[in-house]
1. Can you tell me which condition residue 223 does not meet? The list is (1) modelled with pLDDT of 95 or more; (2) open to solvent by less than 40 Å² (accessible area, probe 1.4 Å); (3) not in a strand (DSSP E or B), and all the others hold.
2. So which pairs qualify, if the first residue must be in segment 70-91 and at positive phi, the second must be not β-branched (Val, Ile, Thr), the Cβ gap must be under 6 Å, and the two must be at least 6 apart or on different chains?
3. What tally of residues in segment 120-161 results from selecting those that are buried (at least 23 other Cβ atoms within 10 Å of the Cβ), part of a loop (DSSP other than H, G, I, E, B) and aliphatic (A, V, I, L, M)?
4. Quick check: is even one residue across segment 183-190 open to solvent by 20 Å² or more (accessible area, probe 1.4 Å) and in contact with a strand residue (DSSP E or B) (Cβ under 6 Å, 6 or more places away or on another chain)?
5. What residue, among those in segment 33-66 that are assigned to a helix (DSSP H, G or I), open to solvent by 60 Å² or more (accessible area, probe 1.4 Å) and not charged (D, E, K, R), is nearest to residue 235 (Cα to Cα)?
6. In segment 67-94, what count of residues is obtained for those that are outside any loop (DSSP other than H, G, I, E, B) and surrounded by fewer than 16 Cβ atoms within 10 Å (Cβ to Cβ)?
7. What is the residue count in segment 16-32 for residues that are in a loop (DSSP other than H, G, I, E, B) and modelled with pLDDT of 90 or more?
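The values are calculated or read from the model by the stated rules, or taken from the named source; none is laboratory data. For clarity, every value in this text was computed on a predicted model and none was experimentally measured. We place every Cβ from the backbone using ideal geometry, glycine too, and count neighbours over all the protein chains shown. What goes into the accessible areas is simple: the full protein's heavy atoms, side chains included, and nothing from ligands, DNA or RNA. Shrake-Rupley method; radii C 1.70, N 1.55, O 1.52, S 1.80 Å.
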Amino acid sequence: MDEVVARLRAAGCVFAEDEADLLVEAAAGSAADLERMLVRRVAGDPLEQILGWAEFAGLRIRVTPGVFVPRRRSELLVRCALSALAGVKDPLVLDLCCGSAALGAAIAAARPDARVWAADLDPAATASARLNLPPHQVLEGDLFEALPLHLRGRIDAIVVNAPYVPTAAIATMPPEARLFEAPMALDGGVDGLDVQRRVIAGAPEWVAPGGTLLIETSERQAPQTAALFEAAGLHPQIERDDDLDATAVIGRTGRMRKATG
């Protein structure tokens, strides 16, 4: 164990002891497996992709190589979505730009009555998402184009962690992200809002009466994201969690929420 910790620390792993414990546990007594995993980690592979899972909202979310690793900051979206869904019976939820579907899986775990769908353009992401949600509820396609028409106007909450890093800032991201996660999961265009614009413009057609759109963004970008909500006829509010370093914009339609009886 001391050698494992030393090699991780030499590679720059801040939490070397904790990572060593996880790698040793995952190796299950196989020295060869431990060495393979250790070599990958020292080379810079994300720990979560090596282990095959990421801890998120109290769950172990299955994560496969090349797929966006869920960040703890996104737990703010889950918390806000659950609040928005309080009192809604058998809610219909969409995890859009889902990656591994961590958001959808966390909501499904907290609300077993929820019907949770997920969609992503990246085939690797949808393959990972099908390990965390019922496979038939994970769809592949470009944003709302992936959805069956019977969901139109019926979704109670759309949770979205779309890419929002400006293109020029990708080069400054940690190597674990920019080298081992799909570029389409990170790159939000010149100002970081390209995908958000498309999501916000399309959402009103799909959200149910009184439903909610929730999008993760940065603290700096939040006013711009909120302005996009306003332009789409949604009523935004900005939520901030300093402990998670997380920011979300939540937009509700002005129509009455559907009956819950």
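1. Unmet for residue 223, out of (1) modelled with pLDDT of 95 or more; (2) open to solvent by less than 40 Å² (accessible area, probe 1.4 Å); (3) not in a strand (DSSP E or B): (2).
2. 90/113
3. The number of residues fulfilling the criteria is 0.
4. Going residue by residue through segment 183-190, those that are open to solvent by 20 Å² or more (accessible area, probe 1.4 Å) are 183-185, 187, 190.
Now narrow it down to the ones that are in contact with a strand residue (DSSP E or B) (Cβ under 6 Å, 6 or more places away or on another chain): none.
No: segment 183-190 contains no residue that is open to solvent by 20 Å² or more (accessible area, probe 1.4 Å) and in contact with a strand residue (DSSP E or B) (Cβ under 6 Å, 6 or more places away or on another chain).
5. Here the answer is 42.
6. Number of matching residues: 2.
7. Looking only at that region, the number is 1.
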